[in-house]
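Read through the structure below, which is laid out as structure tokens, and then see the notes.
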Amino acid sequence: MPSLSNPSPTSSDAAVAGGESALEKAAAIERAQRLTDVITRLRRALRSSIRTEYPWESLPMAQVELLQTLAAAPLRVGELAARQRLAPNTVSGLVGKLLEAGFVDRQADPGDRRTARIALTEAGHQQLRDWQRAHERRMADALESLTQADREAVMGAIPGLEQLAKALTGPGVPEDRTGL
């Protein structure tokens, strides 16, 4: 009679363990797909709903994100490109449009007079404040339309979402605080 006190692992035990691992991986992928889908729909809904309160055509989201980044401090085009994870020539084109609109200007870089920093003008600050107020108003209205339980669930998820954003940013990349 075989001893039951110290059974050795069998190939079927390994298969079960491997199957659990495969199931866990499949579940993780399914959660990631669901989260990606919800975030994509949320971004799309936010962008389209804000159009009712803000003249969207005059300031595309890419330009809003640059203004949000510049609100903290003036930056060189290369720094803006790195923070936005865009090609420098793409950022140069966006900056050109913001210059034409009067929302940013070029300033001499005190550390290197050969380069320029891009800074928000007062008009840029005002445009960003207007956009932010409309965005916050729309979000507040949407949150108020939820049940108390759903509102609490959304607000309770914020710390985890912030940590997820940090994990996705990766080491050495400045944190993006541009919102959705």
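For the pair residue 61 and residue 154, a Förster radius of 25 Å applied to the C-beta separation gives a FRET efficiency near 0.70, rounded to the nearest 0.05.
Its convex hull of Cα atoms gives segment 91-152 a direction-averaged projected area, equal to a quarter of the hull surface, of 6.5 nm².
Applied to segment 156-168, the Karplus parametrisation 6.51 cos²θ - 1.76 cosθ + 1.60 on θ = phi - 60° returns per-residue 3J(HN,Hα) values of x, 7, 4, x, x, 5, 5, 5, 5, 4, 5, 5, 6 Hz, with x for Gly and Pro.
With θ taken as phi - 60° and the Karplus curve 6.51 cos²θ - 1.76 cosθ + 1.60 applied, the whole-hertz 3J(HN,Hα) list for segment 37-47 is 4, 5, 5, 4, 5, 5, 4, 5, 5, 5, 5 Hz, x standing for glycine and proline.
Using DSSP to call loops (not H, G, I, E or B), can you name the trypsin sites (Lys or Arg not before Pro) in segment 82-159 whose Cβ has at most 16 other Cβ atoms within 10 angstrom? For trypsin sites (Lys or Arg not before Pro) across segment 82-159 that sit outside H, G, I, E and B with at most 16 neighbouring Cβ atoms in 10 Å, the list reads 85. Once backbone amide H atoms are built at 1.01 Å from N, residue 75 has 118 as its partners under 5 Å, excluding neighbours fewer than 5 places away on the same chain.
Take the Cα of residue 105, step 7 Å toward its Cβ, do the same at residue 167, and the gap between the two points is 4.5 nm.
In this structure the amide hydrogen of residue 121, modeled in the peptide plane, comes within under 5 Å of the amide hydrogens of 104, 105, none closer than 5 places in sequence on its chain.
The label point for residue 89 and the one for residue 42, both projected 7 Å from the Cα toward the Cβ, are 3.5 nm apart. Applying 0.36 nm per residue to the separation of residue 136 and residue 119 and subtracting their alpha-carbon distance, the gain on full extension is 3.7 nm. In order along segment 25-35, the Karplus-derived 3J(HN,Hα) couplings, from 6.51 cos²θ - 1.76 cosθ + 1.60 at θ = phi - 60°, round to 5, 5, 5, 5, 5, 5, 5, 5, 5, 5, 5 Hz, and Gly and Pro are given as x.
Read-outs: derived from the displayed coordinates by stated rules, not from any lab. Please read all numbers here as calculations on a predicted model, not as lab measurements. Cβ atoms come from the backbone with ideal geometry, glycine included; neighbour counts cover every protein chain shown.
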